[in-house]
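A short worksheet on the structure shown next.
The values are calculated or read from the model by the stated rules, or taken from the named source; none is laboratory data. Predicted, not measured: the structure shown is a model, and the values here were computed from it. Note: ideal-geometry Cβ built from the backbone for every residue, glycine included; neighbour counts use all protein chains shown. With ligands, DNA and RNA removed, areas are computed over all heavy atoms of the protein, side chains included. Shrake-Rupley method; radii C 1.70, N 1.55, O 1.52, S 1.80 Å.
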Amino acid sequence: MRRFLTLYTFIASVIFLSCKEKSGPITGPDPITTLANFAPVNGPKGTLITIRGGNFGNSVSDISLKINGLSAEIKSVKDTEITATVPDKCGFGALVLSVNGKEFTSTEKFRYTYKATVSYFTGGQKGFADGAPDAVKFEGPYKIIFDSKQNFYLTDQGNCLVRKIASDGTVTTIAGTPHSGFQDGKGDKALMKFPIGIDLGPDGTIYIADHQNNAIRKVTPDGTLTTIAGGPDKEGSADGNVKTATFKKPYGVKLDQAGTLWICDTENGLIRKISPEGQVTTFAGSTPGFADGKLREAKFYFPAHLTFDDQGNIFVADKHNHCIRKITSDGTVTTFAGKPEQNGFKDGTAKEAMFNQPSNVQIDKVGNLYVADLYNHCIRLIYPDGFVTTLAGQPGTAGYAEGPGAEAKFYYPQGSTFDTAGKLFVTDSFNNRIRKITIE
């Protein structure tokens, strides 16, 4: 009997302890943070954006937010809602939310709404004169480039000159004299014929597409003009050494970081390049026209200017095809925005948008493109997804007016360049002015 009671007591104790363990608190997985959506999906700097989800906590110090890589200021945090202000010029991109060090990326992207204010910089009179902004005269300023010393250089097409603009708008002539010709030399001994494209090397050398002379030329820092390749009696499309290569009415030049000079060989419909060793090759294009495809299968019609992004893509203002083309790093030519072979004006998605002879394209730090839309007399903005909007100017209305973007007027804007502060300077060719666009 005693042995039975002992066994009974042992079994009861086991059952009691087992029941006691099961009746305690049940632990499960940690609460899962979720990012459901955000609103609004577009807006300017300072817009209050609301992010909805779950398990955000309530501590601002545990939360951080970036929109397209730029930090946003967190204003408030609740368990299911976060508010933050949109950072300056954040472009188009996803929201990346960090909660206690864990990141969540939105599926939808935010589109920054840019504002522009157009103001006067220099020029305004037709003819030729150096001097202060209100005294200087131009004859169709065309392309413009900015250097590291706060100076600008431009091609004054009608005057056949390369000119320099100081940060206060004062203009001097670097090379050429106000009549056309073809001659190497220093200062006013040099002669050009409708110079258009311009770019600047790290040593201060200025590269020029001498349009009517079918030549690529350069100006050294002491003002001496020499011919790199081509000439007025060498019209053609021959590749080879710079001494034998030929061009046909080149428009744009662009120097890359490796020292290769890229050329929009405009009337040939080609994208070409000159290596640092002096070899000219054709990179893309075949005969003038329109076709997407691999490099030499593609067709351009009056390519006017090109630029590069950080991923190795090339963007081309394909002037007479009325669109912006993209050459990817794998050598594929596509239409990035605009309706090929159709001129007009329309904002909207890449396939809906319309241009009228885009002549220049620039790119900013977050991948937006800025287009001088020549015959629409305005400056257009293209987001990285190809969506097009008008930044400044009144589409189809030529004139001269400063002020907010929609009130400003241009008269055949041809070229543009950014300064280090992110301001866009535009050659307003028929107004013979250089205009400044402050972008916010």
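Working only within the range 54-95, note down all residues that are more than 30 Å from the chain's Cα centre (by Cα) and at positive phi.
Across the range 54-95, the qualifying residues are ASN55, GLY57.
Please tell me if ALA215 is more than 20 Å from LYS143 (Cβ to Cβ), out of contact with any Cys (no Cβ under 8 Å at 6 or more places or on another chain), touching a residue at least 12 places away in the same chain (Cβ under 8 Å) and aliphatic (A, V, I, L, M).
In short, no.
Please go through (1) within 29 Å of THR389 (Cβ to Cβ); (2) of a type in the set (Ser, Thr, Tyr); (3) surrounded by fewer than 20 Cβ atoms within 10 Å (Cβ to Cβ) for SER148 and return the number of the only condition it doesn't satisfy.
The one condition SER148 does not meet is (1).
Go through (1) modelled with pLDDT of 95 or more; (2) within 24 Å of PRO250 (Cβ to Cβ) one by one and return the number of the condition SER119 breaks.
Among (1) modelled with pLDDT of 95 or more; (2) within 24 Å of PRO250 (Cβ to Cβ), SER119 violates only (2).
So, in the range 278-312, how many residues would count as being basic (Lys, Arg) and crowded, with 19+ Cβ neighbours inside 10 Å?
1
Of all residues in the range 313-338, which are within 15 Å of the chain's Cα centre (by Cα) and open to solvent by 40 Å² or more (accessible area, probe 1.4 Å)?
Selection gives LYS326 alone.
Check LYS339, LYS273 and return the single one that is of a type in the set (D, E, K, R) and assigned to a strand (DSSP E or B).
The match here is LYS273.
Consider PRO133 carefully, then state whether it is in contact (Cβ under 8 Å) with a residue 40 or more places away in the chain and not in a strand (DSSP E or B).
It is false that PRO133 is in contact (Cβ under 8 Å) with a residue 40 or more places away in the chain and not in a strand (DSSP E or B).
Which pairs turn up if I take residues in the range 257-286 that are polar (S, T, N, Q) and look for partners that are assigned to a helix (DSSP H, G or I) with beta carbon separation below 8 Å, at least 6 apart in sequence or on another chain?
THR266/HIS211; THR266/LYS319; THR282/ARG296; SER286/ARG296; SER286/GLU297
Out of the range 402-422, which residues are surrounded by 13 or more Cβ atoms within 10 Å (Cβ to Cβ) and among the small types (Gly, Ala, Ser)?
Of everything in the range 402-422, those that are surrounded by 13 or more Cβ atoms within 10 Å (Cβ to Cβ) and among the small types (Gly, Ala, Ser) turn out to be GLY403, GLY405, ALA406, ALA408, GLY415, SER416, GLY422.
Please enumerate the residues belonging to the range 103-158 that are of a type in the set (S, T, N, Q) and within 28 Å of the chain's Cα centre (by Cα).
THR105, SER106, THR107, THR113, THR117, SER119, THR122, SER148, GLN150, ASN151, THR155, GLN157
Restricting the search to the range 162-184, which residues are within 17 Å of GLY124 (Cα to Cα) and among the hydrophobic types (A, V, I, L, M, F, W, C)?
ILE165, ALA166, VAL171, listed by residue number.
Considering only residues that are more than 18 Å from PHE104 (Cα to Cα), of a type outside the set (S, T, N, Q) and open to solvent by less than 30 Å² (accessible area, probe 1.4 Å), which ones fall in the range 39-89?
Answer for the range 39-89, where residues must be more than 18 Å from PHE104 (Cα to Cα), of a type outside the set (S, T, N, Q) and open to solvent by less than 30 Å² (accessible area, probe 1.4 Å): GLY43, PRO87.
Considering only residues of the range 90-123 that are charged (D, E, K, R) and closer than 30 Å to GLU402 by Cα, which is least open to solvent (accessible area, probe 1.4 Å)?
My answer is ARG111.
Would you check which residues across the range 76-93 are basic (Lys, Arg) and outside any loop (DSSP other than H, G, I, E, B) and list them?
Within the range 76-93, LYS78 is the sole residue that qualifies.
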